[in-house]
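Bear in mind that the values in this text are calculations on the coordinates, not laboratory data. In this text the structure is predicted, and so the values were computed from the model without any measurement. Don't worry about glycine lacking a Cβ; one is built from the backbone with ideal geometry, like all the others, and counts go over all protein chains shown.
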Amino acid sequence: MIAAGAIPVATHAQDDAGFQAYLESLRPKAAAMGISDATLNRVFPELTPNPRVIQLDQNQPGGGAYSPIPNFEPYRQKHVDSARISRGRIAYQANRARLARIEAETGVPEEIMVAIFGHETNYGSYTGDFDLIRSLATLSWEGRRRTLFEPELLATLKMLDNGVPRSRLVGSWAGATGYPQFLPSVYLRLGKDGDGDGKADIWTSEADALASIANYFVQSGWRRGQPWGISVSVPASLDRASMAARTSPTRCPRVFNRHSRWLTIAEWRRLGLVRTGGNWPADTVMATLLEPDGPNKTAYLLTSNYRVILDYNCSNFYALSVGLLADAVKQ
């Protein structure tokens, strides 16, 4: 008789056999990426499925189209708190020389790089402890989201083949790694050497992590000299229906459907919006309006650079918190 909750030995054997067969099926794709057989022969035999990552993946909230969106303020208080601001200012001052150089080269503000570093891993204090190769191999084999996870598994194997130590290849259960929490494919594409040692070490080098974050933002279209947004007060007289966006977003609709249509800063000012934080951008800058806690609460005018933060993580709460943390760190 099998004890409650136990998994039969035969099932384990079948899973392991199917898992290894799946890994072997990846060899042609790996070869096409230039990954050596020696790397695969060293890694594949030692891998086993990790049921914990399957459980974590299947327990992700669905975020249905009609589920209510909570207020932003509780999230802001938790993620832009005094401790994170204080640690951010320490990281900011400790890296000023390299931050100034990276900003001069890329146009990405020093404080934005620090805020991403702070939000992703609390300034490097926690980067995850899951074995990336095992996690991604498990999620790819399980199949529910293979189109997402298989390319990341292959990218991780490519990192290993390129000389990234196996001990570095740890992170979140879903594959994010290092101080910036890059997916492996992002690391291969945008990881950057920030300290001149010829390596892009986003796991132990703050210089490399910050340079890589800036490179991500540049490639996503960051506009030099333009703020991410400013906080504003919206007059009661504003006709919000007339401000509704005129296009239907194809990406992250729950995020972008909360934004108004684009108007120039000059047009927003003529509508009676009053700046409550930060300097007005130039009158010609285009911006959208977001009221994350509804009317009569703090609202934000958001530029195209806010959309770049959303490209890093497509969540209004995340992007607003990055911007607000950046502003607080710089003060």
Quiz prompt | Estimated distance in nm for a label pair at residue 31 and residue 73, the labels positioned 7 Å out from Cα along Cα-to-Cβ | solution = 6.2
Exercise. Pairs to check: 78/158; 297/330; 199/330. Give those whose C-alpha atoms are more than 32 Å from each other in this structure.
Key: 78/158
Quiz item: Given 165, 180, 312, which one lies farthest toward the positive end of the charge dipole of the chain, if we put +1 on the Cβ of every Lys and Arg and -1 on the Cβ of every Asp and Glu?
Solution: 312
Practice problem: Within segment 50-144, list the trypsin sites (Lys or Arg not before Pro) lying in a DSSP loop whose Cβ has at most 15 other Cβ atoms in a 10 Å radius. | Solution: 144
Practice problem: Calculate, axis by axis, the spread of Cα positions in segment 229-302 along the three principal axes, and write the results as whole Å, longest axis first. | Solution: 32, 26, 21
Quiz prompt | Estimated distance in nm for a label pair at residue 15 and residue 264, the labels positioned 7 Å out from Cα along Cα-to-Cβ | solution = 6.2
Practice problem: Collect residues whose amide H, placed 1.01 Å from N in the peptide plane, falls under 5 Å from the amide H of residue 164; neighbours closer than 5 in sequence don't count. | Solution: none
Quiz item: Near the amide H of residue 192, under 5 Å away, which other amide H atoms are found, from residues 5 or more places off or on another chain, if H is placed in the peptide plane?
Solution: 212
Quiz prompt | Per-residue ³J(HN,Hα) for segment 237-242, Karplus 6.51 cos²θ - 1.76 cosθ + 1.60, θ = phi - 60°, Hz, x for Gly and Pro | solution = 6, 4, 7, 5, 4, 6
Quiz item: Residue by residue through segment 289-306, which ³J(HN,Hα) values in whole Hz follow from phi under the Karplus form 6.51 cos²θ - 1.76 cosθ + 1.60 (θ = phi - 60°), with glycine and proline marked x?
Solution: 9, 10, 10, x, 10, x, x, 6, 10, 4, 10, 9, 9, 10, 8, 5, 5, 5
Exercise. Measure off 7 Å from each Cα along the Cα-to-Cβ vector at residue 284 and residue 86, then give the distance between these two points in nanometres to one decimal.
Key: 4.5
Quiz item: Under the Karplus relation 6.51 cos²θ - 1.76 cosθ + 1.60, θ = phi - 60°, what is the ordered set of whole-Hz ³J(HN,Hα) values for segment 199-212, x standing for Gly and Pro?
Solution: 10, 9, 9, 7, 9, 10, 9, 5, 4, 5, 5, 5, 5, 5
Exercise. Taking the Cα centre of segment 229-302 as origin, sum charge times position over the Cβ atoms of Lys and Arg (+1) and Asp and Glu (-1), and report the length of that vector in debye to the nearest 20.
Key: 180
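Once fully extended, how much extra length lies between residue 274 and residue 148, figured as 0.36 nm per residue of separation less the alpha-carbon to alpha-carbon distance? Intermediate results must be reported in sequence, preceding the final value.
Working: separation 126, 0.36 × 126 = 45.36 nm, distance 4.32 nm.
Value of the extension gain: 41.0 nm.
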Quiz item: Amide H neighbours of residue 229 under 5 Å, counting only residues 5+ apart in sequence or on other chains, H built in-plane at 1.01 Å?
Solution: 303
Quiz item: So how do 40-47, 106-113, 258-265 stack up, highest first, on mean other-Cβ count within 10 Å?
Solution: 106-113, 258-265, 40-47
Quiz item: Using r as the Cβ-Cβ distance of residue 24 and residue 243, and R0 as 45 Å, what FRET efficiency do you calculate, to the nearest 0.05?
Solution: 0.20
Practice problem: Provide the FRET efficiency to the nearest 0.05 for the residue 224-residue 52 pair, computing r from the beta carbons and using R0 = 45 Å. | Solution: 0.55
